[in-house]
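The values are calculated or read from the model by the stated rules, or taken from the named source; none is laboratory data. These figures come from a predicted structure and were not determined experimentally. Note that we place each Cβ from the backbone using ideal geometry, even for glycine, and neighbour counts take in every protein chain shown. Just the protein is used for accessible areas: all its heavy atoms, side chains included, with ligands, DNA and RNA removed. Shrake-Rupley method; radii C 1.70, N 1.55, O 1.52, S 1.80 Å.
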Amino acid sequence: MSVRNQLKLLVGGLNARRTGATTPAQSAMREFLDRSRLVSAVIFVVTVAAIVLISSASMMTTHLTVLPGQIATMRVTASAPFSYRSKIRTEVAQEQFARRVPPVYRLDTEPLRRFDEAARELLGKLAAFEAAHPAGSSVTLVTRPALAAITEAFNARGPYNATVEDISALLGAGDAKARAAIFETGFATLRDLYAQGIADNMLAVATPGVAVAFEIARANGEVAARPVQSLENAFTLLRVSLATDGVPRPAQQALFRIFRQGLVPNVVFDQAATAAREAISARTLKPVVVNVAPGQTILEAGDRVSPEQYEMFEANRDYLLAHTDTELNEGLTLFGRVLLVLAMVFASLIYIRIEDAETLRSNVRCGLLALVVIGNLALIRANYSLGGAEFFLRDAAWASALPYVAPTALAPLIVAILIDAGSGIFMALFVSIFTGVIYGNRLDLLVLTFLASLVAIYFCRDARRRGRVVRAAGAGGLIVAAFAALIGFADQTPIDTIIRQMTAGLATGIITGIAVVGLLPVLEALFKRTTDITLLELTDYNHPLLRRMQLEAPGTYHHSLVVAQLSENACNAIGANPLLARVCALFHDIGKVNNAAYFGENTRDRTSPHAAQSPVESARIIKQHVTDGVEYAHKSNLPRAVVDVIRQHHGTTLVRFFYERAVAESRAPFVPKAPKFPTPILPPSIPLVPEMEFRYDGPRPQSKESAVISLADGVEAASRSLRTATPESLRELIDRIVRERIEEKQLDEAPLTFEEIAKIKSSFEFTLLNMLHSRVAYPAGEAPTGLKAEG
């Protein structure tokens, strides 16, 4: 910056202060703060609205999604007395009434008609046979074939089983006229029995000899109770009627055996007539009206919804929708849910304000918290909605396992890894509370999910391997499985249901761990966060940037290793992140690879390329390594924390060597030419060589790790000038460098206390003494055997 520009800036600032005007920088800062507050307000409103929507959607009585056979998720009671006609209870009453209506039967005469035709045909064939064989009716070798043919023809007409002997015995009953008379007697008996009705012995269970009354439908459609005979009684009546005087006994027995084949039960159940009779009876039954008292339980959380409960729930909903005070009641319920969400969000803000105020000041961190909690609750709500699927409606065992499938540890694990364990624990409580609310205010689910999340966070603390995240989430799932078994045994739950609940809990834990591992890189890039897992991966010395530094700037690489060790030990001493400090220190000077020869640690001989450069150009090249380092870090997708340290590790310090060289050159004697214009008179406070061209662009260190690396960088570089590293010389060197940085206000923006600065200095001294200690010099060939291999 030229002298004229410096004067303009100085005069402008003094005038603004005198007149009370606002400078452009102040306006920009005020605009930034206003925008930051607006973003914070938007995050707050969106978070509250989203949580209310997720936890309240379909949870109001008039909007609650309930299906028959589904597990009820919340308790519903009648807010006012109402009555409704129960279709289910009416149908049950009608069914019970229909059972008391006697069945209707009809008389089937078709078997009688078939037997009548077959028997009369048999009479004709017997008459023809008798005419063809007048000699006799006994069965002989000559007559058997003909009698067998007559018998087969008769049996083929129906389910009959007459024998040749029976047919032969009929021939002995007399001539054709006598046989016809006997047959007519049998036909008359069959017609009477069929007209009265013959019931199967299983139907006509009664006292022997007593007819049983059946509801018989007549041809004209009328139904009347009529007595019927059992099959056994019918056989007896048939036998008696066929015992005619003058008929030989063998012929009587043969005739009975043939006619009994025409006697079958003909009382048949008439389904159509019975249904019509039941319908007529049902129409006379009045609908069942159910009266519900105020406060009566309609649905109970955790119970499977029966059809009758579902009908009552629908009637309650219709009643609420039909009355004017419904909107007020539902509004009060929603208002209560909003108050619950606001209370939890404000509790979160208070906790964060006490334990981690930095998160509250960062919209990025607040946005991360809002995103993960909303996403986690949305997943839990979606899991809850699966209860309405047909599969879970049919299988109660799997439906009871749905709460254990909810990934409640997802957000707590992400927050614990990306921010800290304390925030993760509070997030676990937050998610568990609303999980219990979503599943119908279940306290057991709240406690169980909170415990599982705490176990997962405990095993995931300081995780530096992705596999440890999966194991930690699996441990949380194991806790869910174990307590699901214990609670199931206490509640006497069926063993197959317990096994499914345990399987669901354990599998969900493992899947949650895998999901967290997959989401971490995305969230790290989206919210500019860096986990210890990513940092540990960056400590690999085969990283392309570190390999390039080893080859092109070996002195800088060695310098970075020492600074990394100094920074890591110092951060351990003050409770900062040692792994972050180590990684940032390894990459803090990566920009030097572009002009490695211009930095003293990479100079192999005594010649320096700065000899041919002006001090301003040399300072520009030295300062350029910060800009080049930031560019390399962005191209290699290094974490934001590393980029910040590269940008901040020199702060706004002065490139003192070249500044003093420029001052010295400015004081050298020279012959001035005649000035074209009068030389301005400068104030005494403005030097002839402006410092701005020799100062790093900054900003100053903003974090503890960045401040420690800045101090370690200066201490390590200065320690190279020591001829002997004694405690006194190192202590004096460290004190001087730290004092200079404090006097230059380079640590003003870093959250360090004087106590922590004292610990940092002690750590530097201890580490450097162990690094720079001198070894015992051994004459050639006299080194102890155990030391010959030392480098």
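So is residue 376 open to solvent by less than 20 Å² (accessible area, probe 1.4 Å), over 22 Å from residue 355 (Cβ atoms), without any contact (Cβ under 8 Å) to a residue 60 or more places away in the chain and of a type in the set (S, T, N, Q) or not?
Spelling it out, it is not the case that residue 376 is open to solvent by less than 20 Å² (accessible area, probe 1.4 Å), over 22 Å from residue 355 (Cβ atoms), without any contact (Cβ under 8 Å) to a residue 60 or more places away in the chain and of a type in the set (S, T, N, Q).
Would you mind stating whether residue 459 is open to solvent by 20 Å² or more (accessible area, probe 1.4 Å), of a type in the set (Phe, Trp, Tyr) and in contact with a helix residue (DSSP H, G or I) (Cβ under 8 Å, 6 or more places away or on another chain)?
In short, yes.
Any idea how many residues of segment 732-774 are on the phi < 0 side of the Ramachandran plot and assigned to a loop (DSSP other than H, G, I, E, B)?
Qualifying residue count, segment 732-774: 12.
Just to be sure, is residue 597 over 60 Å from the mean Cα position of the chain (by Cα), of a type in the set (A, V, I, L, M, F, W, C) and open to solvent by 20 Å² or more (accessible area, probe 1.4 Å)?
No.
Filter segment 278-295 down to the residues that are in contact with a Pro (Cβ under 9 Å, 6 or more places away or on another chain) and open to solvent by less than 70 Å² (accessible area, probe 1.4 Å) and list them by number.
Correct list: 292, 293.
Hey, among 643, 626, which residue is under 18 Å from residue 694 (Cα atoms), modelled with pLDDT of 90 or more and assigned to a helix (DSSP H, G or I)?
Of the residues listed, the single one that is under 18 Å from residue 694 (Cα atoms), modelled with pLDDT of 90 or more and assigned to a helix (DSSP H, G or I) is 626.
Residue under question is residue 488, and the condition is that it be at negative phi and not hydroxyl-bearing (Ser, Thr, Tyr); does it hold?
For residue 488, the condition - at negative phi and not hydroxyl-bearing (Ser, Thr, Tyr) - is met.
For segment 298-412, list the helices (runs of 4 or more DSSP H) that sit wholly inside it and hold at least 2 residues that are modelled with pLDDT of 75 or more; which are they?
By residue number, 307-321, 326-355, 363-385, 396-401.
Of the residues 386, 402, 413, which is of a type in the set (A, V, I, L, M) and closer than 30 Å to residue 533 by Cβ?
Exactly one of 386, 402, 413 is of a type in the set (A, V, I, L, M) and closer than 30 Å to residue 533 by Cβ, namely 413.
Run down 563, 522 and say which single residue is of a type in the set (A, V, I, L, M, F, W, C) and open to solvent by less than 30 Å² (accessible area, probe 1.4 Å).
Just a single option satisfies the conditions, and that option is 563.
Show the residue pairs that are 6+ apart or on different chains and have beta-carbon atoms under 9 Å apart, the first residue being within segment 530-548 and under 18 Å from residue 414 (Cβ atoms), the second being part of a loop (DSSP other than H, G, I, E, B) and among the small types (Gly, Ala, Ser).
So the pair list comes out as 531/463; 532/463; 533/463.
Results for (1) over 60 Å from the mean Cα position of the chain (by Cα); (2) modelled with pLDDT of 85 or more; (3) not acidic (Asp, Glu), shown as yes or no for each residue.
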| position | (1), (2), (3) |
| --- | --- |
| 102 | no, no, yes |
| 115 | yes, yes, yes |
| 121 | yes, yes, no |
| 138 | yes, no, yes |
| 141 | yes, no, yes |
| 149 | yes, yes, yes |
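For segment 468-488, give me the residue count where each residue is under 15 Å from residue 401 (Cα atoms), over 18 Å from the mean Cα position of the chain (by Cα) and open to solvent by 20 Å² or more (accessible area, probe 1.4 Å).
4
Confirm whether residue 430 is surrounded by fewer than 24 Cβ atoms within 10 Å (Cβ to Cβ) and either on the phi > 0 side of the Ramachandran plot or assigned to a helix (DSSP H, G or I) (or both).
no
Can you name the residue in segment 251-277 that is in contact with an Asp or Glu (Cβ under 8 Å, 6 or more places away or on another chain) and part of a loop (DSSP other than H, G, I, E, B) and is also least open to solvent (accessible area, probe 1.4 Å) among such residues?
Within segment 251-277, the match that is least open to solvent (accessible area, probe 1.4 Å) is 266.
Looking only at residues that are open to solvent by less than 20 Å² (accessible area, probe 1.4 Å) and in a loop (DSSP other than H, G, I, E, B) in segment 161-176, which one is nearest to residue 144 (Cα to Cα)?
162
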